[in-house]
Amino acid sequence: MHATIDLPFPMRALLAGARRKEAALLDLAQKLVRVESPSDDKAAVDACVALAAAHARGLGGRVKLHRQKKFGDLMEARFGPKSKTGAAGRTLLLGHLDTVWPLGTLKTMPCRLGTGRLGEVRLWGPGTLDMKVGVAMAFTAIEMLTDAGMLNQEIVLLLTSDEEVGSPVSRATIERLAAECAQVFVLEAAQGLAYKTARKGVGDWRIEVSGVAAHAGVDFEKGANALRELARVIETVSGWTDLKRGVTVSVGVAGGGSKSNVVPAEAWAEVDLRIVRKADGGRIERKFAALKTVDKRCTVAVSGGINRPPMERTRGTVRLYRQARALAAELGFPLEEASTGGGSDGNFTSALGIPTLDGMGAVGEGAHASHESVVVEHLAPRTALLAGMLGLR
Ligand SMILES: [Zn+2]
């Protein structure tokens, strides 16, 4: 079954500790959720960051804000003894405070405790599952270890503010801090009940086709139909999908033309790419760059590329998962591993070769949807598990 691990502490005691802190955890989570923080509103995200920074300082964290112009500031907080062994003595805990929800969402999607379909208690609200509850779990796990005198390594908690828009400004900081650490724990939601050991890589492109406008009745032959040409391009790129290799190319939005009686001079499409293997990224980037038109009077221009490399199921990540599975067994629940087509900031750290375990946050459903919620009964066991993983070093 599971590998046995010499535990420096009893997991059941951690679970009891997590249960004692559950009310405070829920309180902190609700405070974070009630400060709405859409990625594109710096002032709003900064208010949420300030709340998290104050909490981190209250726990004895050494807080550093990485100021940003366009997005919310990034919060780095270090806990525990400073590492004397470099990366070996450090873990990066990675989360984000931005959400996909615009200001005012709380009016129609209030943050509240209530019951779900099966009578289970849930915390509802924008950004609960993705991922402010995960942030509250991390703070609670750090507090538990500190209180118990079990924090024997340096924990670097990094909370970013632009994850939901692809981490354009935080990526460099994420990668720099990850390189200083032996392992990365990502506070994104679990996949069902499972931790995530693999994620697909993500790319996006915009395709623009230019043709020649003409009157569809009077001058048909003079026109070069950009929409027709775009349709051919869409067929071409869609044909790169290879489900066996885990490659999907999906044209998500498209448009063009002006009036039905005008041969369109412009057409465009936006494309989503997912890959399992890093090598497929370069291969498909080259294919996009080499796209050609059939009608030589049309031209095609592409922009975009791979945004997140895949998080491959590496040996280091599997080793972390097996440790977590053994600790979960001590706590009395089975822990599965899962892969997902969605990307996270764990993709960046894993691609650097740093063992990365993801999905260590809350259990629930409805990320980016109006029924976003977290199941409360899983909070204490998952927080105890997170604390146990942090306490192993
Ligand atoms: Zn997220």
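Every number here is computed from the coordinates shown, using simple stated rules; none is lab data. Since this is a predicted model, take the numbers as computed values, not measurements. Heads up, the Cβs are rebuilt from the backbone with ideal geometry, glycines too, and the neighbour counts pull from every protein chain shown.
Candidates Phe333, Thr356, Pro168 compared by Cα position along the dipole of the chain: farthest toward the positive end lies Thr356, with charges placed on Cβ. Which pairs, out of Lys132/Lys244; Lys259/Lys296; Lys69/Lys278; Lys70/Lys287; Lys70/Lys196; Lys196/Lys287, put more than 28 Å between their alpha-carbon atoms? Lys132/Lys244; Lys69/Lys278; Lys70/Lys287; Lys70/Lys196; Lys196/Lys287, as the Cα separations exceed 28 Å there. DSSP assigns beta bridges within the chain; of those with both partners inside it, close to 75 percent run antiparallel. Per-residue Cβ neighbour counts within 10 Å put Thr173, Thr99, Thr115 in the sequence Thr115, Thr173, Thr99, beginning with the fewest.
Decide, for the chain, between rounded, prolate and oblate: order the square roots of the alpha carbon gyration tensor eigenvalues as a ≥ b ≥ c, take rounded if a/c falls under 1.5, and otherwise choose prolate if a/b is larger than b/c, else oblate. Mind dumping the intermediate values first?
On the way: a/c = 2.30, a/b = 1.94, b/c = 1.19.
Prolate shape, in that a/c is at least 1.5 and a/b is the bigger ratio.
Here the label points at Leu65 and Arg297, each 7 Å from Cα along the C-beta direction, are separated by 5.8 nm in the simple model.
Among the trypsin sites (Lys or Arg not before Pro) in the range 247-326, which ones are in a DSSP loop with at most 15 other Cβ atoms within 10 Å of the Cβ? Mind listing them? Write down the numbers at each step before the final one.
On the way: sites: Lys259, Arg274, Arg277, Lys278, Arg283, Arg286, Lys287, Lys292, Lys296, Arg297, Arg313, Arg315, Arg319, Arg322, Arg325; in loops: Lys259, Arg277, Lys292, Lys296, Arg297, Arg313.
Of the trypsin sites (Lys or Arg not before Pro), the ones in loops of the range 247-326 whose Cβ has at most 15 other Cβ atoms within 10 Å are Lys259, Arg277, Lys292, Lys296, Arg297.
Entry note, the chain: the mean residue ellipticity at 222 nm calculated from DSSP H runs of n ≥ 4, each adding -39500 (n - 2.57), is -10000 deg cm²/dmol after division by the residues and rounding to the nearest 500.
Percent relative contact order of the chain, based on C-alpha pairs within less than 8 angstrom and at least six residues apart?
24 percent
The GluC sites (Glu not before Pro) found in the range 86-163 that occupy coil by DSSP, while having at most 16 further C-beta atoms within 10 Å, are Glu120.
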